Each structure stands twice: as C-alpha cells, then as structure tokens.
1. Only one residue in 391, 404 is at pLDDT below 85 and over 19 Å from residue 154 (Cα atoms), so which one is that?
2. Go through (1) surrounded by 14 or more Cβ atoms within 10 Å (Cβ to Cβ); (2) within 24 Å of residue 162 (Cα to Cα) for residue 26 and report which single condition fails.
3. Can you pull out the residues in the stretch 91-110 that are modelled with pLDDT under 75 and either surrounded by fewer than 24 Cβ atoms within 10 Å (Cβ to Cβ) or over 22 Å from residue 74 (Cβ atoms) (or both)?
4. Mind checking which residues of the stretch 398-422 are out of contact with any helix residue (DSSP H, G or I) (no Cβ under 7 Å at 6 or more places or on another chain) and more than 19 Å from residue 360 (Cα to Cα)?
5. Does the stretch 231-243 hold any residues that are closer than 18 Å to residue 65 by Cβ and either modelled with pLDDT under 75 or in contact with a strand residue (DSSP E or B) (Cβ under 7 Å, 6 or more places away or on another chain) (or both), and which are they?
6. Between 53, 67, which is surrounded by fewer than 14 Cβ atoms within 10 Å (Cβ to Cβ), in contact (Cβ under 8 Å) with a residue 40 or more places away in the chain, assigned to a helix (DSSP H, G or I) and within 28 Å of the chain's Cα centre (by Cα)?
7. Tell me the residue from 407, 349 that is part of a helix (DSSP H, G or I), closer than 16 Å to residue 186 by Cβ, touching a residue at least 12 places away in the same chain (Cβ under 8 Å) and over 15 Å from the mean Cα position of the chain (by Cα), please.
C-alpha cells in the first residue's frame, strides 16, 4: 500500500471515529495503536509508552492547569455579572449598548479565562436574560454572546495559543502578544456590526429620557478594577522579564484565586473544591489529548504520511495565497466536527513545514488558525458555544441562535482577510516588544 493510500485510510478512519462521538484522547490513542500494529507489527508497541510520556514531559505544559484554574476561579464567581453591569452603565446610550456591553465584557473576561465556553456561560447567564427582558431580538441577544464567547481563545492568555506553541515549538509569549491587536480588531468588528444592525432596526432598549447618574457610573468602576489588576499582573510578570510563561500562569492562577476568595468571598470549602475539581477535570482532558496526539503524530511520521503530504503540496507549485485558502477551508471543515485543541495538535506539525516553506510567519499563522477555530465553536455539529447558549435560553430554537451568530462569523472571515492584507497587525506587537525573529 502506497503512503497516499495509507493516508486516505487513516483520514477516513479518523473522521469516522471522531464523528462517532468517542472521546478525542481515546480515539487518537486507539487509532495510533491500531495502525502501528497493522503496518509495523507488535514490535511497534514498545515505543507507545515512551512516546506518550515524552509528549507530556515538557515543563511548558505546567501553564495549562494554571490557566485553566484562572478560568475556573473567575467563572465560578460573580465576576462576569459585575463586569457586565459596570460596562452597561457606561455604554447604555449607544445603539445596542447592552449588546456592546456584553461583547466588551466577553473581551475582558476572555483575558482572564482563556476559555470560550467559560466566557460564553459567565457573560451569557446575566446578559441574555437581561437583553431579552429589555426587548432585544432573540437572534441578536443569543448570537452576540455565542460569538463574543469565541474571543476567549484569541485574546491572551489563551489555551489555544499555548497548545499551538507546544505543537509547533513557537514562543508562547510571542503568540500571546500576537493575539492582542487581532483580538481587539475582532471585538471592534463585532461592535461595529451590532451598532449598524440595531440602528437599522430602529431599536431602543431604554426610554429616550433614561440616564445613569455620574455617581452610578463611577460606583461601578471598582468592579472592573480587579480584572485589570489580574490582567496587568500576568502581562507584567510575563513581559517584564520577571517570569516565564509557565511561571506567569502560576501568578495568574494565584491572583484569580485571591480575587475569588477576597473580593467574592468564596472561602468556603465547597467553593474551593468546585474550582479544584473543574481545574483537574479540564486539565486532565487537555493533557490526555496532547499525549495521544503526539502518539498520533508519531504514527503519521513513521508511516511516512506527513512527509508525503508535505512533498505533494510542495510539488503542486500553486500560488501561496491559494494554498493558504485551501488550508483554511480544510481547518474550517475540521472545526465542524473536532474541538480546537485536537485540530491544532493533529494538524499543526503537518502544516508548519508547508506554511514556512511558502513564506508565511508561523506566529501570524497561529492567529489565523485561532480565528478559524472560533468559527467551529459557533457552528454545528460540535459548536460548543451554541449548546452553552441553548442551556441558558432553552426556549430559543438552536437554529435561531445559529442564524444570529452568522453575521459574526462573517466578521471573523473579514478579520482573517484583513490579517492577510496587513499581517503586521499580528506581528508588530511581538516584534516591537520582544524583537524581530532573525
């Protein structure tokens, strides 16, 4: 059997197993072992344990449980509703001010959690019922939160960037910085669309004479300050030469725990246990996927599938932008069925030599991939954010939530197009702060 035929068999088997709903980690591990046994015999099993352990024997992985703990601590507190309320008092007079407040809250909350479903749930639990109570259309109320939640994997610190950095051996610090301006740009595009759409529909959430007093506005600001302290502390420790990414993650976890305990009074044993339980559960899931994806990558390499694919694409001699389009279409289709972490771990080692040979910056490509993954989070059949929203507002049909998120998906495609025209949006900040890569 030729490498191309073997690759086709592996691809079909992988898609069938993953679409069956099997846990990603066990699916990848089982597929790897089965194909190694078929093509290399029993002797190949000797390296399974070493390869699996080697994939997890990396100090950088310590940052994953720490950033997960940040999200668990903040997500289990009232931080999301406090942040939402503070922003609403300042933005309520804009067309669609409540939606804009939610999008802004999603962006800030994402900087603390690094998790899209956590951001979606924390802001949505407060924002969606309030928007519907004030008469906002259901499609905008739900679609905006579903899309705003996706900012959790783009605005640093981001678990997706950590996983991409590990998979491609890229600087996680550079990836974090590369996500800042694109994250702000995408948030701006979401807000701009919202303002135009609400203005087009002629909708007002408040009476024309409604006003928050200056006192009420300034009283809400202290609720935002803890967020800024935590984000500032993590960024200073990371880029001030104080700590490595793994150590900065520890700083962030400590600050978020202190915020939950001291500000939100979550010092009882039950609350602490929930934070630790959620952290352990999600961290183990991610680390299992990382370990088995390394084994899966070893299987692809040992069967000469990765090298054959790279050589085949290089031999096509197509325009590099057509190549980038094909890669993004491929990733987009994968995102409809597979979670972002699994996609990155499975495809990044294969795609990295291809995109570098075509002259693309791996850091820039990491941002493009992350925005692409955001689309999968609000598109069925996986669409994690859609199901989070459906849990918050079960009386809103899932199709209505989906159609409400479609304009925001178009904003994501526009953001990717802008980044292709102006790659400096992603690369300027890391080059300016950390120096250009030579």
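The values are calculated or read from the model by the stated rules, or taken from the named source; none is laboratory data. Predicted model only: the values in this text are computed from it and were never measured. Neighbour counts are summed over all protein chains in view; Cβ atoms, including those assigned to glycine, are modelled from backbone coordinates with ideal geometry.
1. Sole residue among the options that is at pLDDT below 85 and over 19 Å from residue 154 (Cα atoms): 391.
2. Every condition holds for residue 26 apart from (1).
3. 91, 92, 93, 94, 95, 96
4. 399, 406, 410
5. 238
6. After ruling out the rest, the residue left standing is 53.
7. One residue alone meets the criteria, 407.
Yes or no, residue by residue, for (1) part of a helix (DSSP H, G or I); (2) in contact with a helix residue (DSSP H, G or I) (Cβ under 7 Å, 6 or more places away or on another chain); (3) closer than 19 Å to residue 177 by Cβ; (4) without any contact (Cβ under 8 Å) to a residue 40 or more places away in the chain:
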site	(1), (2), (3), (4)
253	yes, yes, no, no
256	yes, yes, no, no
262	yes, no, no, yes
265	no, no, no, yes
272	yes, no, no, yes
